[in-house]
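Notes to accompany the following structure.
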Amino acid sequence: MTHGYATKVGRDGLITVVPKRRRRGFPFKLLMMFALGFLGLKVFMVASVGPVTYNERLAKLESGTAIERAGAKVLSIDPVTEKLSAMTGPVLR
């Protein structure tokens, strides 16, 4: 009954308390967590192998199938990824 309740009176005069159902909406929090996790993965990959090697690997993907080309488009270095990877610096091996 944490989401509230409603009282109903039946035909026999009995008052019953019915819990209100929780309304489920679009999981924006989950979507944001996924996006931040994906961005963090991209930043880690760019910081660990360097932008030159990363772009070389993306060039291999761009010459592949349609799914690989779409993956290369999504994984390409954007300004946010570039700035964050520059801030973190190289990752030691």
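Any read-out appearing in this document is the output of simple, stated calculations on the displayed coordinates, not a laboratory observation. What you see is a predicted model, and the numbers here were worked out from it, not measured in a lab. Here the Cβ positions follow ideal geometry from the backbone for every residue, glycine too, while neighbour counts run over all protein chains shown.
Listing for the model above:
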| item | result |
| --- | --- |
| Inverse mean reciprocal Cα-Cα distance (Kirkwood Rh) of the chain, Å | 17.3 Å |
| Listed residue (Leu75, Gly89, Leu36) projecting farthest to the positive dipole end of the chain, Cβ model | Leu36 |
| Net charge dipole size for the chain [Lys, Arg +1 and Asp, Glu -1 on Cβ; Debye, nearest 20] | 680 debye |
| Computed helical MRE - 222 nm, the chain, DSSP H runs ≥ 4 contributing -39500 (n - 2.57), nearest 500 | -18500 deg cm²/dmol |
| Relative packing of peptides 83-90, 4-11 - highest average C-beta neighbours within 10 Å first | 83-90, 4-11 |
